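Comments concern the structure below.
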Amino acid sequence: MLRMYASFTVLASILSFFCLFTHTQPYDSIKNSVFTNLCAIIKSKAIHIIFLEHYLSCVNTEDIDSEDVDGLFTAEELSKYSGTDDEKRLYLSILGEVFDVTKGQDYYAPGKGYHGFVGKDGSRAFVTGKFTEEGLVDDVLDLSHSDLVSLREWMKFYHETYKFKGKLIGRYYDDRGRPTGYFYKLQQKLAEAEKQKTVEEEIKMQYPPCNVDWDANTGSRVWCSERSGGIERDWVGVPRKLYEIGSKQHRCACINNMGQSSEDDRDKRIGNIEEYEDCHPAASSCHVTM
């Protein structure tokens, strides 16, 4: 490509010189006007070509022809990059995207803890922790929203830490590297998961999680502070059971009790918020049965 643009540059330079020379020769006004405009176009293109040639000269064209070009892998081809045969490089796939994790030998080499992910797409196991043959699969659509958000974080980690090598032909991409219907269904679920995550974060900001510890003698204790749950604020709050809507499950949340003046002014449970038993309603710390 550089040679081609170099040829164009030489040609443009010759034409520009010709324009400069012949422009001084006598022409009638109409011909001279047409010729002047033509020369202006030639000079403009010459400048553009020279600039483009300079830009391309700054590009390392060896990289374009190297093996680092994003590629497509079949499942069989990917399985060869497991470090167990002559091929020593280690590749894995997550959500259909292939990464070279060779530099992470301490984690991905044969016999190491994460080797089960190598040479395949075991996306599901990243969040389930099931490293069996049945668990190391790429089907994830039935996972919870929180699990899908975790998978997206894993994907972000691999893009930031390891070299992207291409796409795996199969569930997420076809044999031309185009997204499949499954891919688009996953994107829709991820969008739903992110929306739910936003709602959950808003709830977390409104009702920060309690601090929790355990002692062999006194048992479990929950308490609130101005930084409990990692949420900094200008109030402490009191520990309460915060129930998930429509569920019997709950977590400990710090509730801003400003405005509650007396025990007569409250109920044991209001909506999805309930007091802990045997704990003073105004106490910021309670020993509880978990």
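Taking each of K120/K248; K112/K195; K165/K189 in turn, the alpha-carbon distance tops 29 angstrom for K120/K248; K112/K195.
Loop-resident GluC sites (Glu not before Pro) (DSSP state other than H, G, I, E or B) in the range 133-182 with no more than 15 further Cβ atoms inside 10 Å of their Cβ: E133, E134.
Neighbour counts of C-beta atoms inside 10 Å place V98, V236 in the sequence V236, V98, starting with the fewest. At an R0 of 25 angstrom, the distance between the Cβ atoms of W154 and T180 translates into a FRET efficiency of 0.80.
The gain in end-to-end length when the T289 to T84 segment is fully stretched comes to 68.8 nm, 0.36 nm per residue minus the alpha carbon separation. Sparsely packed loop sites in the range 154-249 (the trypsin sites (Lys or Arg not before Pro) outside DSSP H, G, I, E and B with at most 12 other Cβ atoms within 10 Å) comprise R176, R227, K248.
Sorted ascending by nearby beta carbons within 10 Å, beginning with the fewest, D174, D215, D100 become D215, D174, D100.
Arrange L168, L242 by Cβ neighbour counts within 10 Å, fewest through most, would you? Placing the least packed residue first, the sequence is L242, L168. Overall, the anisotropy analysis places the range 72-197 in the prolate class: the square-rooted eigenvalues a ≥ b ≥ c of its C-alpha gyration tensor yield a/c not less than 1.5, with a/b exceeding b/c.
Each reported figure results from applying straightforward, stated rules to the coordinates on display, with no laboratory input. Predicted model only: the values in this text are computed from it and were never measured. Cβ: placed from backbone, ideal geometry, glycine included. Neighbour counts: every protein chain shown.
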